[in-house]
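Q: Got a structure here, written out as structure tokens. Questions coming.
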Amino acid sequence: MEFVIKVSQFLLSLSLLIVLHELGHFIPARLFKTRVEKFYLFFDIKYSLFKKKIGDTVYGIGWLPLGGYVKIAGMIDESMDKEQMALPPQPWEFRSKPAWQRLIIMLGGVTVNFILAYLIYVFMSFGYGDTDIATKSIKGGYLIDNPLLTDLGFKTGDHIVQINDTEVINESEVRANLIGAQKITVEREGEEKTIALPEDFLGQLSTSKNRRLFELRLPFLVSKVSDTSLNKSADLKKGDIIKTVEGQSVEYFDQVQDVLQSFKGQTVSAEILRDGQTKVIDLQVDDNGLLGIETGGVPFNTYAELGYFDIVKKEYTLGESFAVGYDKFTSQITGYFTQLKLIFSPSTGAYKGVGGFKAIYDVFPSVWSWEYFWGITAFLSIMLAVLNLLPIPALDGGHVMFLLYEIVSGRKPSEKFLERAQVIGFMIIIMLVLFANGNDIFKAITD
């Protein structure tokens, strides 16, 4: 069921972005009386799942969900329709239109993607507001068990104070500011300590089997006792919190795990908290030092109610949401350009973390959440727009590059040159797609 939910979100988001992006090309093309021969969601190599011709345009759905396209008459694109290009130009063809009209048609897709992302952030701000965790309120600091971090000097219990020279106020800022971070200042036992990150930190993280970073420390809160657990008949209920094991205080889940390693294959006395009352029960520890008990499974604000952190909630009027949405929009664009800069800098090793369709699929949660869905879709819309603006022939950015050259110089590149550039650009894109999805396969094999 989790697979179905994730795939459904993935395909819905991808379909929405593709259709709107191609609509961004389609609308100005029609406004400038340019014929659009095809409008397709997904690629229709050899055959289509659905197609219907309305007027001069065939609308359809292909079988290969790797993108979509509009085929504009008289345009050198991925279709490489040389027969049409060999004929005399027609007034309704793309190549017959003024350069400024062709430029607007080519910029239409990314423009729609940017507008879509901004509007999503606006209406998410209005509909959901902002929910975050005040970092100073986080009880017990962070759980840090990744050897990459512990070898640098981080320890479980550290409180993050600054990333680079920026003070961290809310927990969401930790992950947002880690990209490109050079140093992190933590508070440990009342003292501040600054830890430098290596230049290739992102590369090391991408190739590490453990990619956990700074995790919130939470209690051992019982969700479910496994049917194969030695404790399936123990007096445990959902919501119980284990507080001590053999008299040792275990405020957090990671502490319980550490203590149990000393009692493998034994019976231990545990104190649990249930509905504000304490109760002592016996629990069986298996030979692996585990209890066979699943944890969590409660709303996140439950932990706030238990005092593990303070949730900060902000709500906005519709008017305020336009400004808040703009801040989120520009912040995401800035962050994504920072990621691209790191990816194209080999010394950072960030290219090792580039992912393909599986990486995008993994971003979606295993339970349906419209809030998460729209947030991810907004980010993917920005990602699609920025990638399409790269000056690579076959991408929108490549077409824009040649059109700007034509407008500035007054000379139009020859169709033969554009055809060759299109082939080269297509080969570059294929290599990038293979590299990104190859990274996904490599991680799946090595993890």
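Q: So, Ser206, is that one of a type outside the set (D, E, K, R) and under 32 Å from the mean Cα position of the chain (by Cα) or not?
A: yes
Q: Between a residue in region 425-447 that is under 10 Å from Val354 (Cβ atoms) and touching a residue at least 12 places away in the same chain (Cβ under 8 Å) and any residue that is assigned to a helix (DSSP H, G or I) and among the basic types (Lys, Arg), which pairs come within a Cβ distance under 6 Å, given they are 6 or more apart or on different chains?
A: Every condition considered, the pairs that remain are Asp440/Lys358.
Q: I need a count of the residues in region 323-332 that are at pLDDT 95 or above and crowded, with 16+ Cβ neighbours inside 10 Å.
A: 4
Q: Determine whether region 371-390 contains at least one residue that is more than 30 Å from Gln204 (Cα to Cα) and either open to solvent by 40 Å² or more (accessible area, probe 1.4 Å) or free of Cβ contacts under 8 Å to residues at least 60 places away in the same chain (or both).
A: yes
Q: For region 301-310, give me the residue count where each residue is in a loop (DSSP other than H, G, I, E, B) and closer than 15 Å to Ile241 by Cα.
A: 3
Q: A further question on this structure: Name, by its number, the condition in (1) under 30 Å from Phe253 (Cα atoms); (2) of a type in the set (Val, Ile, Thr); (3) open to solvent by 30 Å² or more (accessible area, probe 1.4 Å) that does not hold for Val285.
A: All conditions pass for Val285, except number (3).
Q: Next question. Search region 296-316 for residues that are more than 20 Å from Gly141 (Cα to Cα) and at pLDDT 90 or above and pair each with any residue that is open to solvent by 70 Å² or more (accessible area, probe 1.4 Å) and assigned to a strand (DSSP E or B) when their beta-carbon atoms are under 6 Å apart and the residues are at least 6 apart or on different chains.
A: Close Cβ pairs satisfying both conditions: Lys313/Thr131.
Every residue, every condition in (1) over 27 Å from Phe253 (Cβ atoms); (2) in contact (Cβ under 8 Å) with a residue 40 or more places away in the chain; (3) crowded, with 17+ Cβ neighbours inside 10 Å, yes or no:
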| site | (1), (2), (3) |
| --- | --- |
| Leu143 | no, yes, yes |
| Ile163 | no, no, yes |
| Leu178 | no, no, yes |
| Arg212 | no, yes, no |
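Q: Same structure again: Quick one: in region 393-412, of everything that is assigned to a loop (DSSP other than H, G, I, E, B) and farther than 19 Å from His25 by Cβ, which residue is most open to solvent (accessible area, probe 1.4 Å)?
A: Per the stated criteria, the residue is Arg411.
Q: Further question: In region 184-210, which residues are surrounded by 13 or more Cβ atoms within 10 Å (Cβ to Cβ) and of a type in the set (Gly, Ala, Ser)?
A: The answer is Gly203, Ser206, Ser208.
Q: Pairs only if they're at least six apart or on different chains, beta carbon under 9 angstrom, first in region 47-70 and over 28 Å from Gly356 (Cα atoms), second open to solvent by 100 Å² or more (accessible area, probe 1.4 Å) and assigned to a strand (DSSP E or B); list them, first residue then second.
A: Qualifying pairs under 9 Å: Val58/Lys51; Val58/Lys52.
Q: Next question. Looking at region 221-243 only, could you name the residues that are closer than 12 Å to Val280 by Cα and either surrounded by fewer than 20 Cβ atoms within 10 Å (Cβ to Cβ) or among the hydrophobic types (A, V, I, L, M, F, W, C) (or both)?
A: Across region 221-243, the qualifying residues are Ala234, Asp235, Leu236, Ile241, Ile242, Lys243.
Q: Take the residues in region 250-299 that are within 21 Å of Gly157 (Cβ to Cβ) and in a loop (DSSP other than H, G, I, E, B); name whichever of them is nearest to the chain's Cα centre (by Cα).
A: Per the stated criteria, the residue is Gly296.
Q: I would also like to ask the following. Can you tell me which residues in region 21-42 are closer than 25 Å to Trp92 by Cα, in contact (Cβ under 8 Å) with a residue 24 or more places away in the chain and among the hydrophobic types (A, V, I, L, M, F, W, C)?
A: Leu23, Phe26, Ile27, Ala29, Phe32, Val36, Phe39, Leu41
Q: Quick one: in region 289-298, of everything that is open to solvent by 30 Å² or more (accessible area, probe 1.4 Å) and touching a helix residue (DSSP H, G or I) at 6+ places or on another chain (Cβ under 9 Å), which residue is farthest from Ile241 (Cα to Cα)?
A: Filtering region 289-298 for residues that are open to solvent by 30 Å² or more (accessible area, probe 1.4 Å) and touching a helix residue (DSSP H, G or I) at 6+ places or on another chain (Cβ under 9 Å), the one farthest from Ile241 (Cα to Cα) comes out as Leu290.
The values are calculated or read from the model by the stated rules, or taken from the named source; none is laboratory data. Given the structure is predicted, the values throughout are model-derived calculations rather than measurements. So basically every Cβ, Gly included, is an ideal-geometry build from the backbone, and we count neighbours across all protein chains shown. Note: accessible area is taken over every heavy atom of the protein model, side chains too, but ligands, DNA and RNA are not part of it. Shrake-Rupley method; radii C 1.70, N 1.55, O 1.52, S 1.80 Å.
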